[in-house]
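Here the structure comes first, spelled out in structure tokens, and everything after it is commentary.
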Amino acid sequence: MHSERLLDHFQNPRNAGELPAATLRVEVDNPACGDHMRLSARVEEGVIREVRYQVRGCTASIAAGSALTEWLTGRLLTEAAALRAAVIEEALGGLIPESKHAAVLCVDAARELARRA
């Protein structure tokens, strides 16, 4: 059902938790499924230097948050604002139709991070 990459991110999440030295914190919800994501990031000169995440949601959303933090680290805020769901889906080795909302949650969080900077 889920790809090996998705299961790896779920079982071995990268960058999970809170970032104490965060300069930005955002929270987004998916009202359709109830998933919730919180990002905390340290941003310097428009570059996301460090980012952590917390998710309350399904397996795919937890894995997607992990993939998102890997993708965001070292990126410009302008790149975060332009993130597309397909990038997260590819990082996870694909998502089944019922789980595509997880990539959308990540896009919403990345764009909110860029917007709040």
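Values in this text are rule-based calculations from the coordinates and carry no lab data. Since we're looking at a predicted model, the values are computed, not measured. Counting neighbours? That spans all protein chains shown, and the Cβs are built from the backbone with ideal geometry, glycine included.
Any idea what angle helix 59-72 forms with the longest principal axis of the chain, computed on alpha-carbon atoms, 0 to 90 degrees, nearest 10? Its long axis makes an angle of about 40 degrees. Taking each DSSP H run with n ≥ 4 as -39500 (n - 2.57) and averaging over every residue of the chain yields -12500 deg cm²/dmol at 222 nm. Averaged over residues, the count of other Cβ atoms within 10 Å places the peptides 18-30, 57-69, 2-14 in the sequence 57-69, 2-14, 18-30, highest first. For Thr23, nonlocal amide neighbours, meaning residues 5 or more places apart or on other chains whose placed amide H falls under 5 Å from its own, are Ala41, Arg42, Val43.
So for each of 81-88, 98-105 I average, over its residues, the number of other beta carbons within 10 Å; can you give me the resulting order with the highest mean first?
Ranking, from highest mean packing down: 98-105, 81-88.
Using θ = phi - 60° in the Karplus curve 6.51 cos²θ - 1.76 cosθ + 1.60, the 3J(HN,Hα) couplings for segment 74-80 round to x, 8, 6, 4, 5, 5, 4 Hz; x is entered for Gly and Pro. Full extension of the segment from Arg25 to Leu7, taken as 0.36 nm per residue of separation minus the current Cα-Cα distance, would add 3.8 nm.
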